[in-house]
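Every number in this text was worked out from the coordinates using simple rules, so none of it is lab data. Model, not experiment: these values are computed from the prediction. All Cβ positions, glycine included, derive from the backbone under ideal geometry; neighbour counts span all protein chains shown.
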Amino acid sequence: MKMQMKMLVAGTVLIGAAALGGCTEGVLDPKGPIAAAERQILFNALGIMLAIVIPTVLATLGVAAWFRASNQRARYLPEFEDSGRLELLVWAVPAMTVILVGGVAWVGSHDLDPRRPIAAEVKPLEVQVVSLDWKWLFIYPGQGVATVNELTIPVGRPVHFELTSSGVMNSFFVPQLGSQIYTMAGMVTQLALQADHPGTYRGLSAQYSGKGFSDMRFAVNAVGAEEFAQWVKAAQSAGPVLDAHAYADLVKPSQAVAPSTYRAVAPDLFGDIVSSVMQPDDASGPMCSASQRTEL
C-alpha cells in the first residue's frame with residue numbers, strides 16, 4: 001500500500017512538472033507589466049475557485065467514507081426532505097465564488113484596458129500593425145521603416161500599437177507581453193505593451209484565417225535603447241521602399257514568409273490601408289492610391 005502511494009505521488013509530481021514545462025514562453029512566463037498583471041488575475045481567479053473546489057472534493061470523499069455500508073455509526077434518515085442551513089450553504093458558496101471571480105475580472109478588465117497608456121517617463125514607441133494573408137506588417141512611422149514578420153522594440157519603453165487588417169479579421173498576440181487584440185479591415189484597434197527584459201519573444205495569430213494560418217508567426221526582439229537605435233539606422237540604409245506597388249505585391253497571399261525590412265515607407269500608407277483607398281486597378285494589376293486612380 002505504501003509503495004502504491006509513493007508511486008501515485010511520484011506520478012502526480014512528474015505529470016505536474018511536465019504540464020508546467022509547457023508554460024515557458026507563454027502567459028505564465030511574463031516579460032512585461034501587462035502580461036504580469038494578467039497572470040496575477042489568472043492566479044487570483046484560480047485561488048478563489050480552489051477555495052470552493054478543494055473543500056467540495058474533500059467533503060465528497062468524507063461523505064462517501066462516512067456513509068459507507070460498513071459504518072454502523074452513520075445515521076440513516078429516510079424521511080429527510082430539506083434543510084434551510086444546507087440550502088444556504090449550497091447556494092451561498094457558489095454565489096460568493098461567482099461574485100469574487102467576477103469582481104476580479106471586472107477590476108482587471110478596466111485596469112488593463114488595451115488603449116490605456118503605460119505610465120512611463122519616456123515617450124511610447126509608435127508601431128502600426130497590418131495583418132495580411134498570411135504575415136504581419138509592422139510600420140514604424142517615427143523611424144520611417146517597416147518590417148515583415150519581425151518586430152524590434154526597446155526594453156523598458158512602452159509601445160503604442162495601432163492595428164488593422166488588409167482583409168479578414170485576425171488577432172495579434174504576444175503571450176509573454178500580454179493582451180491579444182483583434183485586427184479588422186477598415187478599423188483601428190489600439191494596444192499598449194512593454195517588454196521589461198531583453199530577449200526574443202514569440203508572436204502569433206490567435207484567429208484562424210485560412211490555410212496559411214499556422215505560419216502566421218513573428219518574432220519580437222526586445223533590445224536595449226542603443227541597440228534599437230543601431231537597428232533603426234541599419235534598417236534605414238538597406239532594403240526596398242514600401243510604396244503602393246510594393247504593398248500590392250506584399251498583400252498577395254503567401255505562406256511562411258521570411259522576415260524582411262523596408263528602408264522607407266510611403267507617406268500615410270497605414271491610413272490608406274485603413275480607409276481602403278488602396279484598391280487594385282484590375283484583377284492582377286498593382287494597387288494605387290485614390291489620387292492615382294483619379295488621374296487614371
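Seen from PRO253, the other residues with C-beta closer than 10 Å to its C-beta sum to a net charge of +2, counting Lys and Arg as +1 and Asp and Glu as -1. Extension gain, ALA244 to VAL53, is 63.0 nm, computed as 0.36 nm per intervening residue step minus the present C-alpha separation. By the count of other C-beta atoms within 10 Å, a proxy for reagent exposure, PHE228, PHE172 are ordered fewest to most as PHE228, PHE172. The modelled label-to-label distance between SER276 and ALA256, using points 7 Å beyond Cα along the C-beta direction, is 3.4 nm.
Rg and Dmax of the stretch 125-275, both derived from C-alpha coordinates alone, stand at 14.1, 39 Å.
In summary, the aspartates and glutamates within cross-link reach of LYS31, defined as a Cα separation below 12 angstrom excluding same-chain residues under 8 places away, comprise ASP196. Distance between the pseudo-spin-label points of ALA185 and LEU46 (7 Å out from Cα toward the beta carbon): 4.0 nm.
Residue order for THR164, THR97, fewest other beta carbons within 10 angstrom first, comes to THR97, THR164. Summarising the strand pairing of the stretch 125-275, around 65 percent of its internal DSSP beta bridges are antiparallel.
Ranked by the mean number of other Cβ atoms within 10 Å per residue, highest first, peptides 246-255, 60-69, 173-182, 212-221 order as 173-182, 212-221, 246-255, 60-69. Go through the stretch 65-168 and name the GluC sites (Glu not before Pro) that are in a DSSP coil and have 15 or fewer other Cβ atoms within 10 Å of their Cβ. Loop-located and lightly packed - GLU79, GLU81, GLU121. At full extension, ARG73 and THR200 could sit 39.4 nm farther apart than now, given 0.36 nm per residue minus the alpha carbon distance.
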